[in-house]
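Structure record follows, encoded as structure tokens.
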Amino acid sequence: MILAANFKSNHTRAKTAAYLEALEAFVVAQEIHDEIIIFPPATALMQKSLHVKVGAQNAFAVQNGAFTGEIALEQLEEFGIKTILLGHSERRHVLGESQELIAEKFSFYKEKGFRIVYCIGEPLEVREEGNEALLEYLEGQYEGIDFGYDNLIIAYEPVWAIGSGLTPTEDDIVLIHGAIKKVHNKPLLYGGSVKKDNARAILGLDNVDGILVGSGALDVNDFLAMIKDAKDINKGVE
Ligand code: PGA
């Protein structure tokens, strides 16, 4: 399975280094074969671990250049970063990234061979319209994205579930994931209010290949508990 932690704008470089050290030690000691990824803030990008991938939460679609406030490929390369999160709902809805811009980033980092975790998900008003409207909305987030790309992971994260303590029902996760997988047969993570208390149940669901966790993974011990859950379930997703 695949377990990813998105720190967002949390943790310093020092805290991230300590987190990574604890994670690496656990993965080695427990002989974890699942894929583990963390997305720290840009100031904490580092590549110190053999068994844990460190990815960027965002980067501009250029080698370098005049893009104030953004980092680009050159800054990722400095730390050996080869994984990136794209299309996250906070980038779409808080920072105002368009599908066009996200697709541009996708193409650029695909071209560079990055492992891409591509996020999709609907806001509450769309969820309330029912499954058909929901799936139609997701189609808009398929635009310009090459789902044939080998190094792609999809994360389904309903916007209304992120940071809210709410999650879809287990049946809904299975249903929506099944519908997404029918169109794009890629590893598919669920994200949105995953915590150590519900991770095991979610990881055990059909069509769920892993989880993308925000606040619930800020404490490394909680993330380790989820990794242990995944090991116990062991679906053997490559
Ligand atoms: P959350 O965030 O786990 O805090 O809901 C998930 C995400 O935004 O990736």
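Per-structure values
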read-out: Residues of the range 47-79 that turn out to be open to solvent by 40 Å² or more (accessible area, probe 1.4 Å) and either in contact with a strand residue (DSSP E or B) (Cβ under 9 Å, 6 or more places away or on another chain) or modelled with pLDDT under 95 (or both), as a count; value: 9
read-out: Among residues of the range 24-35, those that are within 12 Å of LYS228 (Cβ to Cβ) and of a type in the set (A, V, I, L, M, F, W, C), counted; value: 4
read-out: Scan of the range 188-222 for residues that are away from the ligand (no atom under 12 Å from the Cβ) and more than 30 Å from ASP146 (Cα to Cα), ordered by number; value: ASP197, ARG200, ALA201, ASP219, VAL220, ASN221
read-out: Test: residue in the range 89-103 that is among the hydroxyl-bearing types (Ser, Thr, Tyr) and either in contact with a His (Cβ under 6 Å, 6 or more places away or on another chain) or buried (at least 17 other Cβ atoms within 10 Å of the Cβ) (or both); value: yes
read-out: Residue in the range 7-19 that is open to solvent by 40 Å² or more (accessible area, probe 1.4 Å), assigned to a loop (DSSP other than H, G, I, E, B) and among the aromatic types (Phe, Trp, Tyr) present; value: no
read-out: Cβ-Cβ under 8 Å pairs, at least 6 apart or on other chains, the range 147-173 side open to solvent by 40 Å² or more (accessible area, probe 1.4 Å), far side aromatic (Phe, Trp, Tyr) and more than 14 Å from the ligand (Cβ to nearest atom); value: ASN151/PHE114
read-out: Options ALA44, ALA22: the member that is aliphatic (A, V, I, L, M) and open to solvent by 20 Å² or more (accessible area, probe 1.4 Å); value: ALA22
read-out: Qualifying helices (runs of 4 or more DSSP H) (wholly inside the range 60-139; at least 1 residues being over 18 Å from ASP172 (Cβ atoms)); value: 73-78, 99-111
read-out: Counted residues, the range 194-227 - those being in a helix (DSSP H, G or I), closer than 16 Å to ILE38 by Cα and not aliphatic (A, V, I, L, M); value: 5
read-out: Of the criteria (1) in a loop (DSSP other than H, G, I, E, B); (2) within 16 Å of the ligand (Cβ to nearest atom); (3) farther than 21 Å from GLU90 by Cα; (4) of a type outside the set (Asp, Glu), which one ASN185 fails; value: (2)
read-out: Qualifying residue in the range 117-133 (condition: closer than 28 Å to THR12 by Cβ, free of Cβ contacts under 8 Å to residues at least 24 places away in the same chain, touching a helix residue (DSSP H, G or I) at 6+ places or on another chain (Cβ under 9 Å) and open to solvent by 50 Å² or more (accessible area, probe 1.4 Å)); value: no
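The values are calculated or read from the model by the stated rules, or taken from the named source; none is laboratory data. All figures in this text were calculated on a predicted structure; none of them were measured in a lab. Neighbour counts are summed over all protein chains in view; Cβ atoms, including those assigned to glycine, are modelled from backbone coordinates with ideal geometry. The accessibility values were calculated without ligands, DNA or RNA, using every heavy atom of the protein model including side chains. Shrake-Rupley method; radii C 1.70, N 1.55, O 1.52, S 1.80 Å.
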